[in-house]
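This report refers to the structure that appears directly beneath it.
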Amino acid sequence: MSAPVRDDLKSTLNLPKTDFAMKANLPVNEPKILARWDEMRLYDKIRQAGSGRPIYVLHDGPPYANGLIHLGTALDKCLKDFVVKSKNMAGYDAPYVPGWDCHGLPIEIKVDESLGRKKLEMDPLQVRQACRKYAEKYVGLQREQFQRLGVLGRWNDPYLTMSAQYESEIAQTFFQFLEKGFVYKGLKPVYWCIFDKTALAEAEVEYENHTSPSVWVKYALTSNPAKLDAALAGKKVNTIIWTTTPWTLPASMAVAFHPELEYVALESGGQVYIVADALAAATKEKCNLTDAPEIARFKGRVLERSTFAHPFLDRSILGVLADYVTTDQGTGAVHTAPSHGADDFYTGAKYGLDQSCNVDEAGRIHNGLPEYDGKTVFKANEPIVELLKSRGALLGHEKIEHSYPHCWRCHNPIIFRATEQWFIAMDGKMEGGTLRSRALEEIKTVKWDPAWGELRISNMVETRPDWCISRQRIWGVPIAVFFCASRDCNELLRSSDVNRKVVELFAKEGADAWYKHEASAILPLGIKCAKCGGSEFRKEMDIIDVWFESGSSHAAVLGHEPGLPWPADLYSEGGDQYRGWFQSSLLCAVGTRGKAPFREVTTHGWTLDPQGQAQHKSRGNAVDPDAIAKKLGGEIIRLWASSVEYREDSRSSDELMNRVAENYRKLRNTFRYVLGNLSDFDPGKDAIAFDQMDFLDQAMVLRTADLNDEIARWYEARQFNKVYHQTNEFCVSDLSAVYFDLLKDRLYTAAPKSRGRRSAQTALWRIGETLVRAMAPLMSYTADEIWQMLPQMNDRPASVHLALFWKRNEVLGATVPNDRAESIRSEWSQLITTREAVMLALEPMRKEKEIGSGLEAQVEVRADGAIYAVLEKHAAALRELFIVSQVKLTRAESPNGGAPVEVRVARAEGTKCERCWTYSTQVGKDTEYPTVCERCSASLKEIAAERAA
Ligand SMILES: [Zn+2]
Ligand SMILES: [Zn+2]
Ligand SMILES: [Zn+2]
């Protein structure tokens, strides 16, 4: 055999070989991977693989089917996908059924806008059809966008609140509430939008700034002033109220005082004014009451049942007491219009005041004086102020800008208006207490993450008013009850048989049936009104609050098939859902089943820009997930979502996304190194037992197993950012910077089948297999791409998403006792400490250009005690560990101030090996291979033997 020439030497190196491209080209490749998943029916396969395992149900909260997704929705869906995928890989059967909220005002308004005047000629069924089309369009678009993010789920069969099955489930849930006696129809002031002509739910109200008139109005006392205080006998006594809604004055029925507050009577210009002591100074100033000495003082309670004259109507106004009167602003005397305020309404009920409402659905005032009659409320303010002035009742007048409730949809200011609405009584009796008390007890059985969520939702449930569930719209599920149509009877038809019939009808035809059929066609023949015996009935045409609809999702989706049991293990949404979906779901489930629909609830924060501002398209600071997916890849959004501390508000910008993409490249390169060095490795045949592996390889596999254990705990705790950051850190600091670097010599120059190289490959393979699984829930596309390229073994599933996380023994390929593991960890850490000292010592020589790479150097490590023992034990590995040509180990007392080792550096001895570039005094000694070092010549002999075999 003749000595190989240089080119031949190169052919004896095992250089990395892989089809796994350095450049991911995610925007192009992800759709191909998606197509493959679709073709292999990956989600169904995952469910089959999970069959028989313990079930874990994350129940999806339905996003609203209008508009495209934004970063917040993307974050929400990614987090859910992390949970579902990690649960499946942790050995659960974790289904994911996505859903959409399809009914409701936002869609109906969009459709109204697009139909314009045409809507007036359309019947409700046609309008509903148009709304359905609109919702279907956005369900389709959003579905595509969510899938593009790599979210796996039952996309071909999601739940839609507008499906016939779901609509019948809503009706069913409503009837359960009705039959249990929770539902009542009552006159109540509700938030009302006069532009959309509908009642609004709490969750539909937003506070924005609004300029209102601010007026101080005189109410003259008509009862005997001496009864309040002897000092007032015979005087012209008044009180002063303050309001920012003069239009409510026509509905003024009472003036409320706080029973315990101190009130004073001030005399000015021949009149006496009663106001709260604490607000007297401010009131004097606003009402220009100069020289107004106090002539009496008394507690508010003496004013109860006193009477006043309405400032411009012929009406007696009652003095009443109320605890909500404060001294924050105003006068301490509160104008009370029961039809236009929640507090006012309750006070009105307590004192038997007239609660009827003279403001219609469009906000027009009726039955009023000519000055304002027929005007809409906000336009009536001015004439009413004029009226007050002309009657001599206006004591002060200015404009204020204040926070005022607005409609979430049209952003116009809203009003309180007493209307006939359907309610669920929070204090309705049920087994074990009331709806409210039982809901509060159930909250305690749920795990809330973050923990403060429990207090938050408890407070809300404790103080919330009855649930107004009716809306005067078309696009939704009707409150499907009948009323007697006989004159003046109007009795509600109570029949559970009829209710069941309606549920069945909806299941068959959807809620459209309510609009399609006459009452008589739905009702059984011969049914009679229980009150008057009448046989004519009319249908209620109000529809149900969409929060009631989505709150029924647990009943619509869970408990119908074995793979989707009730209740859910987890609800996961944005923090705004404490007052939205979490609460409506809780109330719907407690009211109908007496139990919470979830075992655990977790929330995420908002997505903000880097300055902490909310993201808005109009501000230009919004990160569009679709644009990122097209530019950088859906994977980058996933990794961003995994990187943030989602329980708080998270920051994002295009630049931050680029940074994530940079990290992604590092991760990708880590795997590329693994794959590149496994092209000739068959784990079934070539893997080395743990005990036979090189120490450095053992140590890295052990570190991988340790990290993998932590990752399992982080997934369990949904600390995805720990998984992301720690895996990144491990790949960059442990693998790329140290292990992969030092391994190159052995991987490239040792004989392909040598024990040393197989040991390194075994380690790489174990690291690769462990990390690809560990990262699969987060980095779903790339993990599956890597999965296809890792050495294929028997019975290996076709996708990483069908695989399980590796357990500790699988990572190690052996059972490593704890004490053994502990000693490996400690020895590794001492070796690394020494390595760092060596690197530090090489640095000056590199700077002085005395050496190029470490291979041109030889080092002497001087150490003593335990560290010397470790270094001596692993003496054979030190050259590889330090990536130098020669290492000399000397036992010496620690010389420099207690540092564990001292490192001396010199130029390497001998000649540079042409093959591996290490220096050796042995180069040239082997006449067969005269240009290489002794290790290379040994390898070359082995290679020759391998090739011959
Ligand atoms: Zn509105
Ligand atoms: Zn009747
Ligand atoms: Zn060599």
Within segment 489-506, considering residues that are over 14 Å from I522 (Cα atoms) and part of a loop (DSSP other than H, G, I, E, B), the one nearest to ligand 3 (Cβ to nearest atom): R494
Taking interchain pairs and intrachain pairs at least six residues apart, which have beta carbon atoms under 6 angstrom, with the first residue in segment 541-565 and free of Cβ contacts under 8 Å to residues at least 24 places away in the same chain and the second among the charged types (D, E, K, R) and assigned to a loop (DSSP other than H, G, I, E, B)? none
If we scan segment 887-909, do we find a residue that is near ligand 3 (Cβ under 10 Å from one of its atoms) and touching a strand residue (DSSP E or B) at 6+ places or on another chain (Cβ under 8 Å)? no
Being more than 16 Å from ligand 2 (Cβ to nearest atom), closer than 20 Å to P189 by Cβ and free of Cβ contacts under 8 Å to residues at least 40 places away in the same chain is the requirement here; does T463 meet it? yes
Candidate set: segment 914-937, residues that are free of Cβ contacts under 8 Å to residues at least 24 places away in the same chain and in contact with a strand residue (DSSP E or B) (Cβ under 8 Å, 6 or more places away or on another chain); chosen: the one nearest to ligand 3 (Cβ to nearest atom): C933
From E420, E386, grab the single residue that is among the acidic types (D, E), under 20 Å from D466 (Cα atoms) and either more than 16 Å from ligand 3 (Cβ to nearest atom) or surrounded by fewer than 18 Cβ atoms within 10 Å (Cβ to Cβ) (or both). E420
On the basis of being farther than 30 Å from S572 by Cβ and surrounded by 15 or more Cβ atoms within 10 Å (Cβ to Cβ), does D427 make the cut? no
So I55 ticks every box in (1) in contact (Cβ under 8 Å) with a residue 60 or more places away in the chain; (2) surrounded by 20 or more Cβ atoms within 10 Å (Cβ to Cβ); (3) within 23 Å of V557 (Cβ to Cβ) but one. Which box is left unticked? (2)
Top-ranked residue in segment 924-949 [being buried (at least 16 other Cβ atoms within 10 Å of the Cβ) and over 22 Å from R757 (Cα atoms); ranked as nearest to ligand 2 (Cβ to nearest atom)]: T931
In a strand (DSSP E or B) and over 46 Å from the mean Cα position of the chain (by Cα): is that true of G396 in this structure? yes
Which of the following residues is outside any strand (DSSP E or B) and in contact with a helix residue (DSSP H, G or I) (Cβ under 6 Å, 6 or more places away or on another chain): L313, L369, L387, L353? L353
Would you kindly identify the strands (runs of 3 or more DSSP E) lying entirely within segment 839-949 that contain at least 2 residues that are farther than 24 Å from F695 by Cβ? 901-907
So is S486 touching a Lys or Arg at 6+ places or on another chain (Cβ under 8 Å), among the hydroxyl-bearing types (S, T, Y) and assigned to a loop (DSSP other than H, G, I, E, B) or not? no
If the Cβ limit is 8 Å and pairs must be 6+ apart or interchain, which residue in segment 107-123 that is without any contact (Cβ under 8 Å) to a residue 40 or more places away in the chain pairs with which residue that is part of a loop (DSSP other than H, G, I, E, B)? L115/M122
From the list D291, D196, D229, which one is without any contact (Cβ under 8 Å) to a residue 24 or more places away in the chain and either more than 15 Å from H335 (Cβ to Cβ) or more than 16 Å from ligand 3 (Cβ to nearest atom) (or both)? D291
Within segment 740-764, residues buried (at least 24 other Cβ atoms within 10 Å of the Cβ) and within 41 Å of the chain's Cα centre (by Cα) come out as T762, A763, L764
With the requirement that a residue be at pLDDT 95 or above, closer than 22 Å to T161 by Cβ and part of a helix (DSSP H, G or I), what does segment 82-125 give you? V84, L125
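The values are calculated or read from the model by the stated rules, or taken from the named source; none is laboratory data. Small disclaimer: the values here were computed from a predicted structure and weren't measured. Neighbour counts run over all protein chains shown; Cβ positions are idealised from the backbone, glycine included.
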